[in-house]
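Accompanying notes for the structure given below.
What follows draws every value from the coordinates through simple rules; no lab data is involved. This structure is a prediction, so every number in the text was calculated from the model and none was measured. Here the Cβ is made from the backbone with ideal geometry for all residues, glycine too, and neighbour counts use every protein chain on show.
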């Protein structure tokens, strides 16, 4: 999982919380595919129909704040999102995304948000810590991404992780 490629779904506002990512009334749904149909419903009701497998969310600061519900990264993963690009994450969302093996939370410089547009196609290289915007032929640096985090997500979460 060293190179990821997908399209951007840009929601540049700060503090997108878990209630927005998956609204409370859907927390009783145990079928993850059904849960995914309601991902980001409060922010963009059409979101699930826009996403292709491997796509990314580009968001403002403090993505995933709010409650500790694991449903949030599960719903985003099931709809097809592989990574969230944000200047910062709520720690509990970060841990749920990684520990469950659902998503890569990739921290970026805040100025990158204004340079990437909705629907741009990106290639993220986790070895070189770069994002190449294929649409605009432009490269950005990301904060160094821990290889361990990538390995945990790649193998499906902490339960499946074998450090050897």
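Quick notes
- Those residues of segment 38-56 which are touching a helix residue (DSSP H, G or I) at 6+ places or on another chain (Cβ under 7 Å) and outside any loop (DSSP other than H, G, I, E, B), in sequence order: 48
- Flag if residue 92 is surrounded by fewer than 19 Cβ atoms within 10 Å (Cβ to Cβ) and in contact with a strand residue (DSSP E or B) (Cβ under 7 Å, 6 or more places away or on another chain): no
- Positions within segment 4-37 being loosely packed, with under 14 Cβ neighbours inside 10 Å, in a helix (DSSP H, G or I) and out of contact with any helix residue (DSSP H, G or I) (no Cβ under 8 Å at 6 or more places or on another chain), in sequence order: 24, 25, 34
- Among the residues listed as 89, 47, 32, 56, the single one being under 17 Å from residue 142 (Cα atoms) and without any contact (Cβ under 8 Å) to a residue 60 or more places away in the chain: 89
- The one condition in (1) closer than 19 Å to residue 57 by Cβ; (2) surrounded by fewer than 18 Cβ atoms within 10 Å (Cβ to Cβ); (3) out of contact with any strand residue (DSSP E or B) (no Cβ under 6 Å at 6 or more places or on another chain) that residue 151 fails to fulfil: (1)
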